[in-house]
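Values quoted throughout were computed directly from the atomic coordinates according to the rules given, and no laboratory measurement underlies them. This structure is a prediction, so every number in the text was calculated from the model and none was measured. Don't worry about glycine lacking a Cβ; one is built from the backbone with ideal geometry, like all the others, and counts go over all protein chains shown.
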Amino acid sequence: MTRRSRPVSPEERELWQRVARTAHALHPERPARSEPAPKPVAPEVLRPRVPLSPFRVGEAAPAARRHDLAPTLAEALAQQPDRIDKAAYRSMTRGRLQPEGRIDLHGMTLSEARQEL
């Protein structure tokens, strides 16, 4: 239950009135903004309409271009799994297993180099 407030005594009311008379507003009323003058409206320039190309009902529309959704060669090759077993790959990355040989891939395209590997 809420507590009932007690009535304000005449002494308290007089004290509050004296305080209220001496108080100043923190943010005094700002002067009203005057509306800026409206900008002059430029007359609309009418452009000539572009004539439509002639067509007939039932005529075939030009075919829409299809989107090429196939991944690029680089993306397709990057997604292929490595052709080395997990244990050998782990030991090679840790430096315990040395590569058996070297392949010179200079001057090859990505697809040619991937075939060599």
Count of region 38-89 residues which are in a helix (DSSP H, G or I) and of a type in the set (S, T, N, Q): 1
Test: Gln79 is under 38 Å from the mean Cα position of the chain (by Cα) and exposed (fewer than 10 other Cβ atoms within 10 Å of the Cβ): yes
Criterion violated by Arg102 - all others in (1) assigned to a loop (DSSP other than H, G, I, E, B); (2) surrounded by 10 or more Cβ atoms within 10 Å (Cβ to Cβ); (3) among the charged types (D, E, K, R) satisfied: (2)
Among (1) closer than 30 Å to Arg114 by Cα; (2) surrounded by 10 or more Cβ atoms within 10 Å (Cβ to Cβ), the one test that Glu12 misses: (1)
Test: residue in region 18-37 that is assigned to a loop (DSSP other than H, G, I, E, B), charged (D, E, K, R) and over 39 Å from the mean Cα position of the chain (by Cα): yes
Single match in Met108, Met92 (criterion: assigned to a loop (DSSP other than H, G, I, E, B) and either surrounded by 10 or more Cβ atoms within 10 Å (Cβ to Cβ) or hydroxyl-bearing (Ser, Thr, Tyr) (or both)): Met108
